[in-house]
Amino acid sequence: MKKAALVFISLWLVCTAFARPVSAAAMPSGGRMELFLEAMDGKGWQWFFMADTVRRRLDSAELRVYPLVAKNSDGTFSARRGEPELAEATRLAVVIKVYPGKILNYLNARSLSPAADGWRDAALFAGINPDELEKLAASDGAAALAEAYQKTSAAGVTETALFLGGKPYGGSQRIMPLYEAVNASLPASRRAPLPAGYTPRPKAPPPGFWVVLSSGMEANDALVGVFDRYFEGIKPVMLDYASAERGARFPALEFVPSYVLAATPEVKTRLDAELKAGLFKEKGGYLVYEDRQRRGLYAGRAEKKNTLEIFVMSQCPFGVMAEDAVLDAEKNNLLPKGLKVEIHFIGEARKDEKGAWGFSSLHGQPEWEENARQIFIAEKFPAKFKAYLSERNKAVTSPDWQKAAKAAGIDAAGVTAGFEKAKGLLAENFAATGELGITTSPSFVVNGQQFMVGLGELIKTPGFEKIPPPGQPAAGCAK
């Protein structure tokens with residue numbers, strides 16, 4: 001992946017990690033920050049780091065944190081990220097209740113001890129006996145969580161949120177906007193002055209920014225945050241793909257979710273490296289980033305009824321796993337009746353100065369050669385292709401592909417003789433996949449339009465719920 005792409009995407013992966021409770025009656029609203037934190041939410045930890053840094057800088061600013069959990073119908077508590085997050089939230093609630101003067105040290109140390117048992121080191125650093133903390137979490141954790149839940153539910157908070165002066169903070173997730181907002185909320189006599197001789201530069205207004213979604217989709221807050229890092233204070237206008245406004249303003253959009261910027265000279269200069277890397281498409285005076293990290297819709301593509309398209313790299317272990325899961329489900333009649341399954345490949349093809357094809361694939365020459373063989377077999381021996389694929393996937397990195405061909409009843413010599421044709425088919429296949437912007441193996445397109453990355457997302461799709469899960473964490477091979 002090109003450097004600009006890495007920079008742009010890596011901004012999503014901001015660090016992860018856990019503010020001292022102060023009585024609401026004793027704390028003036030000016031400079032008061034409250035963080036409602038999901039204990040394993042990376043975005044929440046970033047808010048903590050910034051809020052705590054601001055608190056350290058401004059003597060009159062204060063910060064308190066509440067662990068955020070959900071309450072079940074039977075009165076027990078749960079956390080969005082499962083038992084490990086609930087356990088950490090319980091420890092936080094106990095520290096806040098029993099050791100209120102030590103919570104800040106605990107949180108900072110915990111952020112630097114991310115291992116599952118890192119809380120023990122964090123407790124020791126904060127001057128807390130970890131064995132005692134463990135006992136208290138077991139005996140009094142539910143009561144401590146109940147107190148925290150009362151505060152979060154009274155605030156109407158259900159996900160990570162930062163409040164300033166009792167109201168949700170709506171500014172950018174950057175250190176200086178937060179610092180300026182907290183400083184401005186303090187009484188004038190307690191505000192930190194600007195450095196001597198410094199005159200603030202006028203800030204350029206952020207460019208127009210739109211997020212286009214379809215029914216059931218939500219904007220990716222982390223991705224919106226990436227745009228904010230490029231253009232401070234940017235706020236998206238949300239549009240539904242089916243709306244008249246979208247049709248009038250962005251008629252050429254073909255995929256959603258799309259994140260759209262006005263293509264001003266300033267924007268293009270700021271995103272020069274990203275434009276050269278092909279991360280944006282320029283359409284009608286706008287720059288379009290199509291978000292294919294999760295799920296999406298090829299709204300401008302023709303429907304292909306009762307069809308599942310699988311996009312893989314033939315030697316990607318996650319792609320192989322997905323293919324096998326789908327083939328097994330097909331054998332056991334767990335897929336929609338009459339479903340057509342198509343295999344497509346991810347890679348690049350170029351002709352040299354002599355007109356000969358050259359290929360590149362993430363796992364090297366053996367992979368693109370296997371891609372070509374599979375495409376040729378699917379065209380020449382369609383009734384035997386799935387048998388070949390099932391057998392080949394048992395040892396797809398082995399050079400002995402002929403063994404799988406023999407097991408499937410395919411003439412290996414005929415495949416070898418047709419390899420030049422196979423390369424032409426592969427070039428066409430790579431081009432078609434590239435037009436769709438698909439770079440992660442495995443990816444899926446259902447009925448020609450519904451897009452998703454990973455077998456886990458396919459299993460969530462109506463009609464595919466019966467595919468057995470892979471038994472491994474969701475992952476993929478990215479081009």
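The values are calculated or read from the model by the stated rules, or taken from the named source; none is laboratory data. This one's a predicted model, so the numbers in the text were calculated from it and none came from an experiment. Note: ideal-geometry Cβ built from the backbone for every residue, glycine included; neighbour counts use all protein chains shown.
List of remarks:
- 1 or more residues within 17 Å of E218 (Cα to Cα) and out of contact with any Gly (no Cβ under 6 Å at 6 or more places or on another chain): qualifying strands (runs of 3 or more DSSP E) within the range 230-286: 237-240, 258-262
- Of all residues in the range 154-206, those satisfying the criterion of being of a type in the set (G, A, S), within 27 Å of V69 (Cα to Cα) and touching a helix residue (DSSP H, G or I) at 6+ places or on another chain (Cβ under 6 Å) are G165, G171, S172.
- So G347, is it small (G, A, S), farther than 27 Å from E254 by Cβ and assigned by TED's automatic domain parsing to the domain that holds K421: no
- Checking P399 against (1) touching a helix residue (DSSP H, G or I) at 6+ places or on another chain (Cβ under 6 Å); (2) under 25 Å from R350 (Cα atoms); (3) part of a loop (DSSP other than H, G, I, E, B), the condition it does not meet: (1)
- The residue of the range 356-376 that is surrounded by the most Cβ atoms within 10 Å (Cβ to Cβ), among those that are in contact with a Lys or Arg (Cβ under 7 Å, 6 or more places away or on another chain) and at pLDDT 95 or above, is A372.
- For the residues G437, G409, G424, the requirement of being assigned to a loop (DSSP other than H, G, I, E, B), under 27 Å from E379 (Cβ atoms) and more than 21 Å from the chain's Cα centre (by Cα) singles out G409.
- Residue, farthest from the chain's Cα centre (by Cα), within the range 356-404, restricted to residues that are β-branched (V, I, T) and under 20 Å from E330 (Cβ atoms): I377
- The combined condition, being of a type outside the set (V, I, T), under 29 Å from F280 (Cα atoms), under 21 Å from the mean Cα position of the chain (by Cα) and surrounded by fewer than 18 Cβ atoms within 10 Å (Cβ to Cβ), is fulfilled by G456.
- Residue in the range 211-229 that is β-branched (V, I, T) and within 28 Å of G30 (Cβ to Cβ) present: no
- Test set (1) small (G, A, S); (2) part of a loop (DSSP other than H, G, I, E, B); (3) surrounded by 12 or more Cβ atoms within 10 Å (Cβ to Cβ) - G225 fails condition number: (2)
- Filter result (farther than 20 Å from L458 by Cα and surrounded by 13 or more Cβ atoms within 10 Å (Cβ to Cβ)) within the range 283-299: K283, Y286, L287, V288, Y289
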